[in-house]
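Undergrad: Dumping the structure here so I can ask a few things about it.
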Amino acid sequence: MANRFGVGGGALVLSLAVAGASAHHSVAGQFDSSKRVQLTGTISEVDWINPHVYIHLDVKDEKGAVAVWRLETLPTAMLRKAGLTKDMIMGGGVAVTVDAYSARDGTQNLAWVLKLTYADGHYYQLAGE
């Protein structure tokens, strides 16, 4: 079932995200689309709250030190409408690669999620690129 969401669910979430993101002025105001980052780590927590869901990603550097990234994404209603749940995003403790936009103001370890790709290859496209 998870792989089915990788393509079909991703396309559905993408279409919802494009409509929502273009109408939501704070995303472009807070995050810079020219500052794209790719992070790999483990999701330690998902704050399933409004106005936006936050994903906490533990990312290890080359020395083994862990930095926690706060990754903002869509509202709970949009994710639920696309069929996603908090447990699906958590991913069961496997490695996750995140494509995201960094904070415009340079806030450390804060980004807007574009795509979550899990170790088994399934992914959720949460915003347009």
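Undergrad: Checking the a/c ratio against 1.5 first, then a/b against b/c, what shape does the Cα gyration tensor give for the range 34-129?
TA: Oblate, because a/c is 1.5 or more while a/b does not exceed b/c.
Undergrad: Then there's this: For the range 53-99, run through the trypsin sites (Lys or Arg not before Pro) and keep only the ones in DSSP coil with at most 14 other Cβ atoms within 10 Å of their Cβ.
TA: Lys63
Undergrad: Can you give the accessible area per residue of the range 52-93, in Å², using a 1.4 Å probe?
TA: 51 Å²
Undergrad: When the dipole is taken about the Cα centre of the range 34-108, and only Lys, Arg (+1) and Asp, Glu (-1) are charged at their Cβ, what size is it in debye, to the nearest 20?
TA: Dipole of the range 34-108, to the nearest 20 debye: 200 debye.
Undergrad: OK, next. Output wanted: per-residue J couplings in Hz (rounded whole) for the range 27-33, from phi through Karplus 6.51 cos²θ - 1.76 cosθ + 1.60, θ = phi - 60°, x for Gly and Pro.
TA: In residue order, the calculated couplings are 5, 5, x, 9, 10, 9, 5 Hz.
Undergrad: Could you check the simple spin-label distance between His56 and Arg104, using points 7 Å along Cα→Cβ, in nm with one decimal?
TA: 2.7 nm
Undergrad: What translational diffusion coefficient, to the nearest whole µm²/s, does the range 76-129 have by Stokes-Einstein, given a Kirkwood radius computed over alpha-carbon pairs, a temperature of 20 °C and 1.002 mPa s viscosity?
TA: 175 µm²/s
Undergrad: Follow-up question, since we're still on this one. With the full set of protein chains in place, find how many percent of the accessible area of the range 68-129 is carbon and sulfur; take the probe as 1.4 Å.
TA: Details: 1320 of 2590 Å².
After summing per-atom areas, the C and S share lands at 51 percent.
Undergrad: At a Cα cut-off below 25 Å, give the lysines reachable from Lys60, other chains included and same-chain residues fewer than 8 away excluded.
TA: Within the straight-line cut-off, Lys60 pairs with Lys35, Lys86, Lys115.
Undergrad: Keeping all protein chains in the complex and leaving out DNA, RNA and ligands, what accessible area do you get for Val46 with a 1.4 Å probe, in Å² to the nearest 10?
TA: 0 Å²
Undergrad: Once the whole set of protein chains is in place, how much accessible area is left on Ser33, using a 1.4 Å probe, in Å² to the nearest 10?
TA: Counting only protein heavy atoms, the figure is 80 Å².
The values are calculated or read from the model by the stated rules, or taken from the named source; none is laboratory data. Note that the structure is predicted; figures quoted are calculated from it, not measured. Every residue, glycine as well, gets a Cβ built from its backbone with ideal geometry; the counts of neighbours run over all protein chains shown. The area values use the complete protein model at the heavy-atom level, side chains included, leaving out ligands, DNA and RNA. Shrake-Rupley method; radii C 1.70, N 1.55, O 1.52, S 1.80 Å.
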